[in-house]
1. In whole Hz, with x marking every Gly and Pro, tabulate ³J(HN,Hα) for segment 133-150 from phi via Karplus 6.51 cos²θ - 1.76 cosθ + 1.60, θ = phi - 60°.
2. Calculate, for A53 and I111, the FRET efficiency according to 1/(1 + (r/R0)^6) with r their C-beta to C-beta distance and R0 41 Å; round to the nearest 0.05.
3. Using only Cα atoms, find the angle between the long axis of helix 67-81 and the longest principal axis of the chain, and express it within 0 to 90 degrees, rounded to the nearest 10.
4. For the chain, modelled as a GNM with alpha-carbon contacts under 10 angstrom, which of G144, G175, G186 fluctuates the most?
5. Within segment 221-244, list the residues whose amide N lies under 18 Å from a label point set 7 Å along Cα→Cβ of K29.
6. Restricting to segment 8-239, compute how many DSSP beta bridges are antiparallel as a %, nearest 5.
7. Springs between alpha-carbon pairs under 10 angstrom, Gaussian network model over the chain: which of A77, A49, A23 fluctuates most?
8. Exceeding 29 Å between C-alpha atoms, which entries from my cross-link table qualify? They are K103/K130; K32/K103; K78/K103; K80/K103; K29/K66; K29/K130.
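Coordinate-derived values only; no laboratory data. Since the structure is predicted, the reported quantities are computational estimates derived from the model, not experimental observations. No Cβ is skipped: glycine too gets one built from the backbone with ideal geometry, and neighbour counts run over all protein chains shown.
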Amino acid sequence: MSGINGKVVVITGSSSGIGEATARLLASKGAKVVLGARRTDRLEALVGAIRSAGGIAEYQALDVTKREQMESFMAFAKRKFERVDAVVNNAGVMPLSAIEQLKVDEWDRMIDVNIKGVLYGIAAGLPIMKAQGAGHFVNIASIGAHTVYPTAGVYCATKFAVRAISEGLRQEQLGGDIRVTVISPGVTESELADSISDESARNGMKEFRKIALSPDAIGRAIVYALEQPADVDVSEIIVRPTVSPY
């Protein structure tokens, strides 16, 4: 299936930021979106807004660090719409800090959400896609998947991992009907900085945010990847503000 209209697209971390913007944009183009996040009040409001605008949307509570919840979420999408055409593994956290601060609990959280969350999305979605003979994973990495910055060592490591996992899956599926795309946003408006407990890192990110992209810019990149014909796999896109290298 090429184009966007009629595709069933599952989006994690869709209660705000890139996930929310992508959901609105895809629904406006005729996709059937299934939204997952922990903040169900926001999901309910978003689904209501999409439906009021004539779109098709469903939601279910989702903590991507819980494999059983991811399996249930994907099964919910298939039960509602009989297939899953694309999975946007978008959920992520970014509690930046210098490694010497030894914020091990925050390291664990980043590994659980940013790496395991993507793996669990693949594990839940891949059997469905293989059974139906087609599918597309869009995994959200970061400009931090291409280089490393002070206070971002562990975060960047998790995003390097997203690129490696995605590329491995893409190569394993060559010649088949499963496509894999990595989207690497530069600095983008989001709530990721809210999880930064280190004051200096939080203040630094506030400065970055002054030149941040709208999350709609990333949503458009996701749409571009998803709307390509079946013989085209857009394997990676980097999206940066024109005024910044980040």
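1. x, 5, x, 8, 9, 10, 9, 8, 9, 4, 4, x, 8, 10, 7, 10, 10, x
2. Values: r = 37 Å, r/R0 = 0.91.
It comes out at approximately 0.65.
3. 40
4. Comparing G144, G175, G186 in the GNM, the peak value goes to G175.
5. 221-240
6. The antiparallel fraction comes to roughly 0 percent.
7. Sorting by GNM fluctuation, first place goes to A49.
8. K103/K130; K32/K103; K78/K103; K80/K103; K29/K66
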